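The values are calculated or read from the model by the stated rules, or taken from the named source; none is laboratory data. It should be emphasised that the depicted structure is a prediction, and the values quoted were computed from it without experimental measurement. Here Cβ is always computed from backbone atoms with ideal geometry, including for glycine, and neighbour counts include all displayed protein chains. Ligands, DNA and RNA are stripped out before the accessible areas are found, and what is left, the full protein with its side chains, is counted by its heavy atoms. Shrake-Rupley method; radii C 1.70, N 1.55, O 1.52, S 1.80 Å.
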Amino acid sequence: MKYPKDGKFGEFGGKYIPETLVPAIEELEENYLKFKDNKDFKKELDYYLKQYAGRPTPLYYAKNLSEKCGGAKIYLKREDLLHGGAHKINNTLGQALLAKKMNKKRIIAETGAGQHGVATAMACAVLGMKSEVYMGYKDTIRQKLNVYRMNMLGSKVHPVKSGSKTLKDAINEAIRDWITNVESTYYLLGSAVGPHPYPVMVRDFQSVIGEEIKVQMKKISNKTPDIVIACVGGGSNAIGTFYPLVDTNAEIIGVEAAGKGLKSKYHSATLSAGSKGVLHGMMTYLLQDEEGQITETHSISACIFDVD
Amino acid sequence: MSRIKEKFAELVAKKEKALIAYIMVGYPNEKTTMTAIRGLIKGGTDIIELGFPFSDPLADGPVIQNASMISLDNGIKINRFFNIVKKIRKETDIPLVLMTYTNILYHKGYPKFIAESKKAGIDGFILPDMSIEESKEYLASAKNRADTIFLVSPNTTKSRIERIAKSSSGFLYLVAVYGTTGVKTGIQNYTIKAIKEVKKITKGKIPVGVGFGVSTPNDVKKYINAGADAVIVGSAFLKLIEKTPHNKLELDITAFTKSLKRQTVKK
């Protein structure tokens, strides 16, 4: 896997962070480079991915859907069958294991609908680490069940009441915690966002999805897929699926949530309808107003009705 | 020479240190901002930092977060902000520093934003999420136009402090504590150590200002005694603005400012 030395993907990515976090980011990068190709580390991670998370996941031939659509043979990569019900655990196990090697005693994470929070709580539970999760206040109501699951797994959930009380504010609050407890704490980011090296780490830990697809597809049809489709929110499942297939002939399609339409203010299509900007430590596409203030995303991923 | 550099030169001649005050423009409204600024000047503030609100102020604590939200809700936009700066400039020649987040400048374009700021009367910038690694275009745009004030932290390495100091002009901002703005942790030994260390590394080539959680005359005294060239007080002023009725505001701000400024003057 390619490793961007300056943390840049073209003009994107980078490190736009408060100076207090620089030593933490440097320590993280140093350790990630040390462990990412380390045999024992990989073996240990592989063990947890198989025995705890339930890898490999099936590549399921959706016969009825394929017939109904009447075109391609459609296969579903069943990441939903993993422990916790989402692909998120691929990354949380990788990062939590790394944090353990770094002797970090406390893990913090952000979560939107709660999937990453649950996956963080699960990884920390199995590795015997303490975790605290920041979750937008609105989301704690919309996804109460996930709050229960995190609590049951031993994780403390902090409802975030600042800003729009959703994911972006949960990230802000997690970063504020990290600035305050920089020495003791590991910030476990779940999306392909944040300052370098987070996007690279998330990509690498999630690439197990695409790697498995390659092997499974080869077995099924002796070739790579013609088309790969993934939904794009924070981007972790998409990059994990796409990255190993980028150099094949596969056509790659990312699907963003259009909500009430790209012309309305109610969507979360940052790549299709956003513009370049700096937020959460990186240069990326953002939904923002004409002056560079970040606007709220709209998504039904956390719940189909709105909470005030 | 920039207004900020002139100010520090003037203070050195008077054997004084600088008191820098931060307020969020438009919090809770424009009229209050003007009144507060008059109070700050009467109280003897040396430099004023003007906060421009950002929707996601990740280096700020609850006080400035709240002020940002209210200021945005009050419709503070870039042009209105510049108009307020021009109004302030009609009344005073005090150095004015704009504190906001990178995206605000990036979105308009660094050269354009900096040129317009300069025209309105801004002398320098503080961007808490701008790292030196990403600062090339920002620095090129600000060169000979405005001072670029970078931040260092108590955990910043010596070689990094040297690099950051080279990119900084006006003064170097030392973050006093691990945390966001306005946190109250009391005077930490590591802060005192950091002030001495940063002063040693920078060898007097650039003034060092200490901010984050500085809120009382005693804080000011301790940091000045440790060797700081300036102290920055922010959240404490916003709290005072929040609780003081408008008709008493100018007097109360003047009195509080005087109590802080006194500690920067050698007796």
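Quick one: which of A:135, A:150 is more than 14 Å from chain B (Cβ to nearest Cβ), assigned to a helix (DSSP H, G or I) and within 15 Å of residue A:115 (Cα to Cα)?
That would be A:150, the only listed residue that is more than 14 Å from chain B (Cβ to nearest Cβ), assigned to a helix (DSSP H, G or I) and within 15 Å of residue A:115 (Cα to Cα).
Mind checking which residues of the range A:165-177 are touching a strand residue (DSSP E or B) at 6+ places or on another chain (Cβ under 7 Å) and either facing chain B (nearest Cβ under 10 Å) or part of a loop (DSSP other than H, G, I, E, B) (or both)?
A:165, A:166, A:168, A:169, A:171, A:173, A:174, A:177
Every residue in the range B:254-267 that is among the polar types (S, T, N, Q) and loosely packed, with under 14 Cβ neighbours inside 10 Å, please.
Within the range B:254-267, just B:259 meets the criteria.
Look at residue A:162 and say whether it is of a type outside the set (A, V, I, L, M, F, W, C) and within 9 Å of chain B (Cβ to nearest Cβ).
So residue A:162 fits the description; yes.
Identify all residues within the range B:192-211 that are open to solvent by 10 Å² or more (accessible area, probe 1.4 Å) and touching a Phe, Trp or Tyr at 6+ places or on another chain (Cβ under 9 Å); write none if there are none.
Of everything in the range B:192-211, those that are open to solvent by 10 Å² or more (accessible area, probe 1.4 Å) and touching a Phe, Trp or Tyr at 6+ places or on another chain (Cβ under 9 Å) turn out to be B:192, B:206, B:207.
Confirm whether residue B:168 is within 14 Å of chain A (Cβ to nearest Cβ), under 26 Å from residue B:199 (Cβ atoms) and surrounded by fewer than 16 Cβ atoms within 10 Å (Cβ to Cβ).
So residue B:168 fails the test.
Which one is surrounded by the most Cβ atoms within 10 Å (Cβ to Cβ), of the residues in the range B:98-147 that are within 10 Å of chain A (Cβ to nearest Cβ) and aromatic (Phe, Trp, Tyr)?
Checked the range B:98-147; the qualifying residue surrounded by the most Cβ atoms within 10 Å (Cβ to Cβ) is B:101.
Any residue in the range B:241-253 that is touching a residue at least 24 places away in the same chain (Cβ under 8 Å) and open to solvent by less than 100 Å² (accessible area, probe 1.4 Å) sitting within a Cβ distance under 9 Å of a residue that is part of a loop (DSSP other than H, G, I, E, B) and among the aromatic types (Phe, Trp, Tyr)? List the pairs, counting only those 6 or more apart or interchain.
B:241/B:27
With the structure loaded, tell me whether residue B:160 is out of contact with any Phe, Trp or Tyr (no Cβ under 9 Å at 6 or more places or on another chain) and part of a loop (DSSP other than H, G, I, E, B) or whether it fails that test.
The answer is no for residue B:160.
Using the structure shown, decide if residue B:6 is under 18 Å from the mean Cα position of the chain (by Cα) and surrounded by fewer than 24 Cβ atoms within 10 Å (Cβ to Cβ).
yes
With A:78, A:106 as the choices, which residue is within 30 Å of residue A:172 (Cα to Cα), surrounded by fewer than 24 Cβ atoms within 10 Å (Cβ to Cβ) and not acidic (Asp, Glu)?
Exactly one residue qualifies, and that residue is A:106.
Does residue B:187 count as at pLDDT below 95 and not in a helix (DSSP H, G or I)?
Yes.
Among the candidates A:140, A:180, which residue alone is more than 23 Å from residue A:238 (Cβ to Cβ), without any contact (Cβ under 8 Å) to a residue 40 or more places away in the chain, in contact with a Phe, Trp or Tyr (Cβ under 9 Å, 6 or more places away or on another chain) and not hydrophobic (A, V, I, L, M, F, W, C)?
The conditions single out A:180.
Residue B:192 - would you say it is in a helix (DSSP H, G or I) and within 9 Å of chain A (Cβ to nearest Cβ)?
no
With the requirement that a residue be of a type in the set (Phe, Trp, Tyr), under 16 Å from residue A:95 (Cα atoms) and in contact with a Pro (Cβ under 8 Å, 6 or more places away or on another chain), what does the range A:28-78 give you?
A:32
State yes or no: is residue A:24 closer than 30 Å to residue B:59 by Cβ, small (Gly, Ala, Ser), within 14 Å of another protein chain (Cβ to nearest Cβ) and touching a helix residue (DSSP H, G or I) at 6+ places or on another chain (Cβ under 8 Å)?
yes
Do you know which residues across the range B:242-256 are over 11 Å from residue B:38 (Cβ atoms) and in a helix (DSSP H, G or I)?
B:242, B:243, B:246, B:247, B:248, B:252, B:255, B:256
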